[in-house]
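Notes follow the structure.
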Amino acid sequence: MSVGDRPAAMPGTPLRRWLLKGLQSPEGLANQAPQEEAPGHQHKWWQVMCLTGVDYFSTLGYQPGIAALAAGALSPVATLLLVALTLFGALPTYRAVAEQSPNGLGSLSMLERLLPGWGGKLLVLFLLGFVATAFIVTITLSAADATAHILHNPFVPHSWAGAQVPVTLVLIAALGGVFLAGFSEAISIAVVLVATYLLLNLVVVGTAVQRVLAHPEQVTSWQNVLAADYSSPVAMVAVALYVMPKLALGLSGFETGVAVMPLVKGKLAERIRGARKLLTTAALIMSVFLITSSFTTTVLIPAGEFAEGGSANGRALAYLAHLYLGDWFGTAYDLSTIAILWFAGASALAGLLNIVPRYLPRYGMAPDWTRANRPMVLVFTAIAFLITFVFDAEVEAQGGAYATGVLALILSAAVAVTLSAWTMRRLQAAAFFGFVTLIFGYATVANIIERPDGLVIALLFVLAIVVISLISRATRSTELRVTHISLDDCAGRFINEAGELYLIANEPHTRDAKEYVDKAREAWELHRLRTSEGLLFLEVTIPDASEFAGELRVTGEERHGFRILRMQSTTVANSIAALLLHLRDRTGKTPNVYFHWAAEGNPIGALLRYLVFGGGDVPPLTREVLRQAEPDPARRPVVHVG
């Protein structure tokens, strides 16, 4: 059995088997390069856009109401600024992300590539906290708004009016239950939901626009309110710029748009073009609806109805649907909104379940059970319950936390695109995206200052992710951490021509003749090994100790009359252990590896060097890795220390 193909132990009880069904091997996951395989079923770009749209377009359910609460009569002006930021900031940024990260990994993957080593990984862990915030609050906010549409429907008993939290919890529990039963997103469902929802919104907004045109005095009243509250158009724009970050919920969906790129039909270039069409079309559709819905709801709905307890709170367009098109059409609109909001929660939960295997296992930073979906569904559902209780299932109260997550993701994308343009010496593009980064940086900071709850939630996620990740990395550090081993022809010849397998571990320095002669003399003095016995020197270099696992390529080299096996790996001890087991399986002989005992030092320091830099106290670590990988001492390669 090859080193990289050892099966994980099967769980015992029926409950464990059910929970851990679909558990993937950590080695396989760890070995995956930061890319995503093309899925079996691909679709036209507009169909994939609907999968993004269940998240993006569903925000119309609550965006106009939140905008009215945040900006008051100035809501249409602030929304215009948001649309400008969407079309001239977020859209160009994510069109660039689609080109440079076309395999569905988004801006986090770009930052990981641009910042190699531990710095990039720690940044990814930090940003994952904001990703988790955005997705978790998507679940809770969507469920809360779906509840608002349920409870305010005229056919629902008034006695349910105070059941916002219980109904929201039921919706979240139902979402978790569907995933526990085995849920996979279907684009066909998304297409139906999005098409129905956009069509109904077109009817509602179109009716509202006709109403505004038929009653111009309402527009005049709105203008009078603006004139009374603000001294000049400049003051209006200044205040709109101040409140605009609170409206950032209308920017959701861009990161999802690049995440679904592998589902777009075609080869790489076609997928990139399709993704750009997807992003542009979705942004244009959403921009039109944002402007028209914000203007009509602000003009037609009394300000008091937007507040907590008001009929338009969290459901401004539904309020207009019932008011102007009747309760039956309004109920159809409610059902469509509830369905797309619930499916937005499903999309967010699916995104969360994709994040863990995409990054953390590849870093060696996920406990074994996180590689199965069902335990993670239970964890995320419990967190969503907690968030719902904290915010009392209020839509507007969760807006700040959601906006923080969304803005942080877009800011990270803008930074990634700016750095990428700078490294490619595209100075004009770097200047443009640098300016976009500053704008999103302002929006993020302003939103955090105004509504720090989102930052608190994100930092709690960051703390939990980092602590759990580092503990997991430490506890998994003595796994083999090698997914596949290959020997070149020269290395294979050295192994075949050797009698017994005697390998001398050597830390390469100058690699001159004196270094190898001294090492051979040391092998004789400490272990009585003769050069004539076919000694093989073993050298390991570590290009990036932050990686957890990968393929081990062994090359043979003859230098100064000595035969050397050279390897590059993420850690010294684990790669030596993996090679010894591979040689045992290949030759049927028991390999022997010889170490010179390192100078004495602080054992804690040695452990930290091992965990962080891949070195440390190699001889005992090599033996421990071998002991865990091969429980039978009779078959275990032998470690000698002198």
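Picking from I285, I272, which residue would you name as being over 23 Å from the mean Cα position of the chain (by Cα), in contact (Cβ under 8 Å) with a residue 40 or more places away in the chain, within 17 Å of W45 (Cα to Cα) and part of a helix (DSSP H, G or I)? Before you say what the answer is, go through the steps one by one.
Details: I272 fails: over 23 Å from the mean Cα position of the chain (by Cα).
When all the criteria are applied, what remains is I285.
Take the range 111-170 and flag every residue that is hydroxyl-bearing (S, T, Y) and over 22 Å from the mean Cα position of the chain (by Cα). Walk me through how you get there before you give the answer.
In the first step, residues of the range 111-170 are kept if they are hydroxyl-bearing (S, T, Y); the result is 133, 138, 140, 142, 147, 159, 168.
The answer is T147, S159, T168.
Which one is modelled with the lowest pLDDT among residues in the range 491-522 that are in a helix (DSSP H, G or I) and under 19 Å from L580 (Cβ atoms)?
Quick first cut of the range 491-522, residues in a helix (DSSP H, G or I) only: 491-497, 513-522.
Filter once more, so that each one left must be under 19 Å from L580 (Cβ atoms): 491-497, 519.
Details: A491: 90, G492: 90, R493: 91, F494: 90, I495: 90, N496: 88, E497: 86, K519: 83.
Restricting to residues being in a helix (DSSP H, G or I) and under 19 Å from L580 (Cβ atoms), the top hit is K519.
When I485, I448 are checked against the criterion of being at pLDDT 85 or above, under 30 Å from H527 (Cα atoms) and of a type in the set (A, V, I, L, M, F, W, C), a single residue qualifies: I485.
Evaluate the range 243-253: report whether one residue or more is over 24 Å from the mean Cα position of the chain (by Cα) and either at pLDDT 90 or above or in the same structural domain as S294 (by TED's automatic domain parsing) (or both). Don't jump to the end; show me each part of the working.
Initial filter on the range 243-253 (over 24 Å from the mean Cα position of the chain (by Cα)): 243-244.
Add one more test, that the residue is either at pLDDT 90 or above or in the same structural domain as S294 (by TED's automatic domain parsing) (or both), and what stays is 243-244.
Looking through the range 243-253, at least one residue is over 24 Å from the mean Cα position of the chain (by Cα) and either at pLDDT 90 or above or in the same structural domain as S294 (by TED's automatic domain parsing) (or both).
If I filter the range 352-380 down to residues being aliphatic (A, V, I, L, M), assigned to a helix (DSSP H, G or I) and modelled with pLDDT of 75 or more, which single residue comes out as farthest from the chain's Cα centre (by Cα)? Step by step, filter the range 352-380, then rank; the result is L378.
Inside the range 464-503, residues that are of a type in the set (D, E), in contact with a strand residue (DSSP E or B) (Cβ under 9 Å, 6 or more places away or on another chain) and closer than 23 Å to V625 by Cβ make up a count of 1. For beta carbons closer than 9 Å, sequence separation of 6+ or different chains, a first residue in the range 198-213 that is farther than 15 Å from T59 by Cβ and free of Cβ contacts under 8 Å to residues at least 12 places away in the same chain and a second that is part of a helix (DSSP H, G or I) and among the polar types (S, T, N, Q), the qualifying pairs are L199/S336; G206/T292.
If you check Y594 against the conditions, is it buried (at least 19 other Cβ atoms within 10 Å of the Cβ) and more than 40 Å from the chain's Cα centre (by Cα)? If you could, list the steps in order and put the result at the bottom.
Values: buried (at least 19 other Cβ atoms within 10 Å of the Cβ): yes; more than 40 Å from the chain's Cα centre (by Cα): yes.
Against the criterion (buried (at least 19 other Cβ atoms within 10 Å of the Cβ) and more than 40 Å from the chain's Cα centre (by Cα)), Y594 qualifies.
Cβ separations smaller than 9 Å between residues 6+ apart or across chains give the following pairs from the range 388-412 residues that are in contact (Cβ under 8 Å) with a residue 24 or more places away in the chain and within 17 Å of E450 (Cα to Cα) to residues that are of a type in the set (K, R) and in a helix (DSSP H, G or I): G399/K246; G400/K246; A403/K246. Sub-8 Å Cβ pairs linking a first residue in the range 292-311 that is closer than 16 Å to L323 by Cα to a second residue that is part of a loop (DSSP other than H, G, I, E, B) and among the polar types (S, T, N, Q), at least 6 apart or interchain, are E305/S311; E305/N313; F306/N313, ordered by first then second residue.
Identify the residue in the range 229-241 that is exposed (fewer than 14 other Cβ atoms within 10 Å of the Cβ) and part of a helix (DSSP H, G or I) and, among all such residues, is modelled with the lowest pLDDT. Give the steps one after another, and end with the answer.
Quick first cut of the range 229-241, residues exposed (fewer than 14 other Cβ atoms within 10 Å of the Cβ) only: 229, 231-235, 238.
Okay, now just the ones that are also part of a helix (DSSP H, G or I), so 229, 233-235, 238.
Numbers: D229: 82, P233: 87, V234: 87, A235: 88, A238: 88.
By that ranking, first place goes to D229.
Name the residue that is farthest from the chain's Cα centre (by Cα), counting only residues in the range 547-574 that are crowded, with 20+ Cβ neighbours inside 10 Å and polar (S, T, N, Q). Across the range 547-574, the extreme among qualifying residues is N574.
Residues checked against (1) over 24 Å from the mean Cα position of the chain (by Cα); (2) of a type in the set (A, V, I, L, M, F, W, C):
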site	(1), (2)
P216	yes, no
T220	yes, no
A228	yes, yes
V234	yes, yes
L241	yes, yes
V258	no, yes
P262	no, no
K265	no, no
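Among the residues of the range 301-315, those identified as out of contact with any Phe, Trp or Tyr (no Cβ under 7 Å at 6 or more places or on another chain) and crowded, with 22+ Cβ neighbours inside 10 Å are F306, R315. For the range 27-49, the criterion of being crowded, with 24+ Cβ neighbours inside 10 Å, outside the structural domain of S546 (by TED's automatic domain parsing) and either assigned to a loop (DSSP other than H, G, I, E, B) or modelled with pLDDT of 50 or more (or both) is met by at least one residue.
Okay, residues lined up against (1) of a type in the set (S, T, Y); (2) out of contact with any Lys or Arg (no Cβ under 6 Å at 6 or more places or on another chain); (3) under 22 Å from G72 (Cα atoms); (4) assigned to a helix (DSSP H, G or I):
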position: S188; (1), (2), (3), (4): yes, yes, no, yes
position: S221; (1), (2), (3), (4): yes, yes, yes, yes
position: N224; (1), (2), (3), (4): no, yes, yes, yes
position: A227; (1), (2), (3), (4): no, yes, yes, yes
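Beta carbons closer than 6 Å, at least 6 apart along the sequence or on distinct chains, pair a first residue in the range 87-107 that is on the phi < 0 side of the Ramachandran plot with a second that is part of a helix (DSSP H, G or I) and among the aromatic types (F, W, Y) for A90/F254; Y94/F254. When we screen V48, V77, V83, V54 for residues that are on the phi < 0 side of the Ramachandran plot, in contact with a strand residue (DSSP E or B) (Cβ under 7 Å, 6 or more places away or on another chain) and either touching a residue at least 24 places away in the same chain (Cβ under 8 Å) or not hydrophobic (A, V, I, L, M, F, W, C) (or both), the only hit is V48. Could you tell me whether any residue of the range 332-351 is in a loop (DSSP other than H, G, I, E, B), within 21 Å of the chain's Cα centre (by Cα) and not acidic (D, E)? No: the range 332-351 contains no residue that is in a loop (DSSP other than H, G, I, E, B), within 21 Å of the chain's Cα centre (by Cα) and not acidic (D, E). Pick from the range 474-515 the residues that are buried (at least 16 other Cβ atoms within 10 Å of the Cβ) and among the acidic types (D, E): which of them is farthest from the chain's Cα centre (by Cα)? My answer is E515.
The values are calculated or read from the model by the stated rules, or taken from the named source; none is laboratory data. Please read these numbers as outputs of a predicted model, since none were measured by experiment. Cβ: placed from backbone, ideal geometry, glycine included. Neighbour counts: every protein chain shown.
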